[in-house]
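Undergrad: First the structure, which I've put down as structure tokens, then a few questions once you've had a look.
Throughout, read-outs are computed from the coordinates displayed, never taken from laboratory work. Treat the numbers as computed from the prediction; the structure is a model and nothing was measured. Because the Cβ atoms are built from the backbone with ideal geometry, glycine has one as well, and the counts that use them run over all protein chains shown.
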There are 2 protein chains.
Amino acid sequence: MNQYNILLDPARMPDAWYNINPDMPVPMAPPLHPATLQPVGPEDLAPIFPMPLIEQEVSMQQYVSIPGEVMDAYRLYRPTPLRRALRFEKALGTPAKIYYKNESVSPSGSHKLNTAVAQAYFNKVSGINGLTTETGAGQWGTALSIACSMFNMSCDVYMVKVSFDQKPYRRSIMQTYGANVFASPTDRTDFGRRYRAEFPDTSGSLGIAITEAVEAAVTSGGALRYSLGSVLNHVLMHQTIIGQEAKLQLESIGEYPDMVIGCCGGGSNYAGTAWPFAHDKIKQGKNIDLIAVEPTACPTLTKGIYAYDFGDTGEMTPLLLQYTLGHKFVPPPLHSGGLRYHGVAAQVAHLTKLGVMRAVAYQQNTCFDAGVLFARCECILPAPESSHAIRAVMDEALKCKETGEAKTILFNLSGHGHFDMSAYEAYFSKKLEDYELDEEAIRKAEADIPKVPIPQ
Amino acid sequence: MNQYNILLDPARMPDAWYNINPDMPVPMAPPLHPATLQPVGPEDLAPIFPMPLIEQEVSMQQYVSIPGEVMDAYRLYRPTPLRRALRFEKALGTPAKIYYKNESVSPSGSHKLNTAVAQAYFNKVSGINGLTTETGAGQWGTALSIACSMFNMSCDVYMVKVSFDQKPYRRSIMQTYGANVFASPTDRTDFGRRYRAEFPDTSGSLGIAITEAVEAAVTSGGALRYSLGSVLNHVLMHQTIIGQEAKLQLESIGEYPDMVIGCCGGGSNYAGTAWPFAHDKIKQGKNIDLIAVEPTACPTLTKGIYAYDFGDTGEMTPLLLQYTLGHKFVPPPLHSGGLRYHGVAAQVAHLTKLGVMRAVAYQQNTCFDAGVLFARCECILPAPESSHAIRAVMDEALKCKETGEAKTILFNLSGHGHFDMSAYEAYFSKKLEDYELDEEAIRKAEADIPKVPIPQ
């Protein structure tokens, strides 16, 4: 049996998503309507999402079957390989066994396509022919562009201005798949125009871009819906194909992880990898360390406030109970665009609060150190986001070197860095700044967060 | 059995390369020493290549075993998937069945890594710790950078100036893997300095870059050797892992191709895919159409002259019997850098001359048309080189639509276009020029080619 290139027979690819909500040790607090502070109902969300996705968002069914059309799309690139990072282990001199799920082989270059095709499909069968969305690093926008192209839908992408400027080729690839791409804040929405008037030098943020994309959908007279690339329950659920495949692949070589590690912005690649193992921890008492890795520049889980807050800057979304740096927080322009989000998925926040998982934060330069070492060992050039996971893996593997423990570590290589070469250039020329959130920023965040009581 | 995502069990990955030389219907003419016009011997090549590769170059052994260290490197990304292009077929409305080998999943982004790791390995075990090479589009330079990084060797890449300028991120990725990258012609070699003095505005060419890289190796006092990414027998042989895997994958679903199609610059991805099937055509009389696709801007096989010519502009290589546009030919700056070569592999020339295979040529805009359609159907963004193959596949599939024949077409998707977004931008903004070689250029080529008799 080959122990370092573990492919899964396509016939064994899981045909259902894993929904962690029914397995939560304590039920999650519901999203609230900002005006009434009452739990939002399906009708509140209908102008934004199609009904099948709203149903998934609140579903208490443990497994949700994947439609044939989505399975067909998955088969274009799934099952993805699970690899053992033997050369990386050797370079570190660690007794740990490091396995990584390689989501970079997806045609969009990251895990994001797993939910993009699902969301496009459920919109299409609900009679919707166009989607709006935001993108940070561009991984999500690329994925949704591809998915819309597959289902013959229009795709309007509001791209965070700093990424739009840093990554012109990300814009081009989305256009190649037929999408319309705008630098956010734009002058296409009320909120965008108002924000630009107030902050003409803004570099944008995911929170701002989300507001614009939601506004564009709800003011489209029903023609368009909005699609979110992370954070929501149904998005995280679509990503569980990653962890489920990884579990089968590890099982096929008689392995089970001691740790599962993923980078965490909104939380979808992390949760998609970790939740099938969180299931085992919660339901079967498995001893497994689940670690989310975030940047010190946007340390939502490690320094954020546990509170009800908006998902967007313009206060258009429901209030979600989460860790947050405040919905008006604009993170510094670090090169991991996908990790520049003020909040985090409610599921991730909930399980962090309950101690089922934990989070660590790193400076970006130290993540590039790890990413370059990984590239030179394993050949794959990681996205800066994924390098955060690699940095944490490296540190855990080095701890094993000290203790002599041969732990089994699984991490998700969420995407490749082919569109992040400007970040690598900045790193090599020592122009990459490290950022650390100071106490004043936290106090400012606290002031911006609405005062809503947390249910006990 | 899944019919459109055909994975090969890693345990069944071929462990030998297929060498077509012993199976040639007529033996090939030998390479000649330019001074003596006598066949070159191993000692002539020793300053350039290590002995194991020289032995492979002239080997008459049908299968050459792949060393364990190279197999280990292959296992980082091989076996690559074989996919049925169902959505592309549907878009064309063709009864043809289109399968493609997806070499774009290699960490270097193309098939080039298959020979890069083999060449780095055989140099390393011969005591060489550094390689020089040229690169056009950057696919080859990236692959050799990765391979050298894996075997802890230095890597000096002479990159054709037009590509160096068009593709700054290709340069960065090579540097990330630790390579030194120079815009060719450089002032680091005698030939480069002389060429720049004569043609200060040159955009460079593969022929010039090869001369520089060879000169750098032979003047290194034995420290460095040179590595070529295509053209030579041993390079084409290393690529036969592609066609061998594809044959096993097709066999597993009861298929055998009526046509095998690949783009052709030097000829390595084409030959690597086609030769295992050329074997069946030559030895078993299989009726199979083998088609190489080249650009009209550099139509070596379709308009070139069958003659002994140099492999490089500076006349440092042996004379090879091939189709050539003259070794001083500088192709127009089309965006398929990997197809900008004045000559072609002697094996490809020989089998074209014998009628075992054939060639077609296309304008680049029509190839981008096909590549964009393919991307929107199959999600993968093809390299402009690979889009030449896709164009030919599309036309053959459309012929099937007319005749109603359900032919089985296999082609090689040699690489992705993630570092070619400037070309896509030019295409979408209608700034991409088409080029057609005129009669005057052919006459000029004829004048440049040395007058050496061809053995009958």
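Undergrad: Taking the convex hull of the alpha carbon atoms in region B:224-330, what volume per residue do you get, in Å³?
TA: For region B:224-330, the hull spanned by Cα atoms encloses 123 Å³ per residue.
Undergrad: Give me the extension gain from B:ASP201 to B:LYS444: residue separation times 0.36 nm, minus the current Cα-Cα distance, reported in nm with one decimal.
TA: Additional length available on full extension: 85.5 nm.
Undergrad: So what's the Cα pair-distance distribution over region B:180-225, bin width 5 Å, in %?
TA: 5, 25, 32, 24, 10, 4, 1
Undergrad: For A:LYS303, list the lysines whose Cα falls under 22 Å from its own Cα; do not include residues on the same chain fewer than 8 positions away.
TA: Partners within reach: A:LYS328, A:LYS353, A:LYS444, A:LYS451.
Undergrad: With axes computed from alpha carbons, what is the tilt in degrees of helix B:139-150 against the longest principal axis of chain B, rounded to the nearest 10 within 0 to 90?
TA: 70
Undergrad: While we're here: Along its three principal axes, how long is region B:26-171 when you only count alpha carbons? Whole Å, largest extent first please.
TA: So the extents along the principal axes, rounded to whole Å, are 57, 43, 35.
Undergrad: Tell me the volume per residue, in Å³, of the convex hull enclosing the alpha carbons of the protein assembly as shown. Before the final figure, lay out each step's value.
TA: Details: hull volume 145.2 nm³, N = 912.
Dividing the Cα hull volume of the protein assembly as shown by its residue count gives 159 Å³.
Undergrad: Pick out, from A:LEU437, A:PRO31, A:THR240, the residue whose Cα sits farthest towards the positive end of the charge dipole of chain A, with +1 on the Cβ of Lys and Arg and -1 on the Cβ of Asp and Glu.
TA: In chain A, that residue is A:THR240.
Undergrad: What is the distance in Å between the Cα centroid of region A:164-183 and that of region B:313-353?
TA: Measuring centre to centre over Cα atoms gives 36 Å.
Undergrad: Here's something else I'd like to know. How fast does region A:350-446 diffuse by Stokes-Einstein, in µm²/s, taking the Kirkwood radius from C-alpha pairs at 37 °C and 0.692 mPa s? Walk me through the numbers on the way to the answer.
TA: Working: Rh = 15.3 Å.
So the translational diffusion coefficient is about 215 µm²/s.
Undergrad: Taking the Cα centre of the protein assembly as shown as the origin, how large is its charge dipole in debye, to the nearest 20, when only Lys and Arg (+1) and Asp and Glu (-1) carry charge on their Cβ atoms?
TA: Its charge dipole is roughly 660 debye.
Undergrad: Specify, for chain B, the residue whose C-beta is closest to the rotation axis mapping it onto chain A, with the distance given in whole Å.
TA: B:HIS418, 2
Undergrad: For Cα pairs less than 8 Å apart in space and 6+ apart in sequence, what is the mean separation divided by the residue count of region A:90-217, i.e. the relative contact order in percent?
TA: In percent, rounded to a whole number, it is 23.
Undergrad: Okay, next question. Which lysines, on any chain, are close to A:LYS401 with Cα under 19 Å apart, when same-chain ones fewer than 8 places away are left out?
TA: Answer for A:LYS401, where 19 Å is the Cα cut-off: A:LYS90, A:LYS97, listed by chain and number.
Undergrad: Right, next: Hey, what do the phi angles of region B:301-311 turn into as Karplus ³J(HN,Hα) couplings, whole Hz, using 6.51/-1.76/1.60 and θ = phi - 60°, x for Gly and Pro?
TA: 6, 8, 10, x, 9, 7, 6, 6, 8, 6, x
Undergrad: How far is A:ARG358 from itself in the other copies, in nm, if each label sits 7 Å out from Cα along the Cα-Cβ line, shortest first?
TA: A:ARG358 label point versus its equivalents elsewhere: 6.8 nm.
Undergrad: Still on this model: For chain B, find the longest principal axis of its Cα atoms and tell me its angle to the long axis of helix B:113-125, 0 to 90°, nearest 10.
TA: In chain B, helix B:113-125 runs at an angle near 40 degrees to the longest axis.
Undergrad: Can you give me the relative contact order of chain A as a percent, contacts being Cα pairs under 8 Å and 6 or more apart?
TA: Contact order relative to length: 19 percent.
Undergrad: Another question, if that's okay. What does the helix-only formula give at 222 nm for the protein assembly as shown: each DSSP H stretch with n ≥ 4 adding -39500 (n - 2.57), the total divided by the residues, and the result rounded to the nearest 500 deg cm²/dmol? Please report the intermediate quantities before stating the final value.
TA: Working: 37 runs with 378 residues, N = 912.
The helix-only estimate for the protein assembly as shown comes to -12500 deg cm²/dmol at 222 nm.
Undergrad: Along each principal axis of its Cα atoms, how long is region B:258-311 end to end? Whole angstroms, biggest number first, please.
TA: 33, 22, 17
Undergrad: Moving on to the next point. Where nothing but the Cβ of Lys and Arg (+1) and of Asp and Glu (-1) is charged, how large is the charge dipole of region A:390-439 around its Cα centre, in debye to the nearest 20?
TA: Charge dipole, region A:390-439, about its Cα centre: 380 debye, nearest 20.
Undergrad: Another one. Over chain B, what number does the Rg to Rh ratio reach, with both radii from the alpha-carbon atoms and Rh per Kirkwood?
TA: Ratio value, two decimals: 0.94.
Undergrad: Something else now. Where the only charges are on Cβ atoms (+1 Lys, Arg; -1 Asp, Glu), what is the dipole of chain A about its Cα centre, to the nearest 20 debye? Intermediate values should be presented prior to the final figure.
TA: Working: 39 positive and 47 negative charges, 163 e Å.
Here chain A has a charge dipole of around 780 debye.
Undergrad: What are the nm distances, shortest first, from B:PHE428 to its equivalents in the other copies, labels at 7 Å along Cα→Cβ?
TA: Reported distances to equivalent positions: 2.7 nm.
Undergrad: Moving on. For the pair A:SER65 and B:MET71, how long in nm is the line joining their label points, each one 7 Å along Cα→Cβ?
TA: Inter-label distance under the simple model: 4.4 nm.
Undergrad: Cα-Cα pairs above 24 Å in region B:1-93: how many percent?
TA: Cα-Cα pairs in region B:1-93 separated by more than 24 Å: 50 percent.
Undergrad: Which log10 I(q)/I(0) values does region A:115-169 give at q = 0.22 Å⁻¹ under the Debye formula, counting every alpha carbon as one identical point scatterer?
TA: -0.74
Undergrad: Can you work out ³J(HN,Hα) from phi for every residue in region B:34-46, in order, using Karplus 6.51 cos²θ - 1.76 cosθ + 1.60 and θ = phi - 60°, giving whole Hz and x for Gly and Pro?
TA: Working through the residues one at a time gives x, 7, 9, 6, 9, x, 6, x, x, 5, 5, 8, 4 Hz.
Undergrad: Can you list the distances in nanometres, one decimal and ascending, from the A:PRO67 label point to the identical position in each other copy, with the point 7 Å along Cα to Cβ?
TA: Its label point is 5.3 nm from the equivalent points in the other copies.
Undergrad: Then there is this: Per 10 Å bin, what is the whole-percent P(r) computed from every C-alpha pair distance within region B:285-422?
TA: 12, 37, 34, 15, 2, 0
Undergrad: Could you check the spin-label model distance between B:LYS353 and A:SER252? Points 7 Å from the Cα along Cα→Cβ, value in nm.
TA: Between B:LYS353 and A:SER252, the label points sit 4.7 nm apart.
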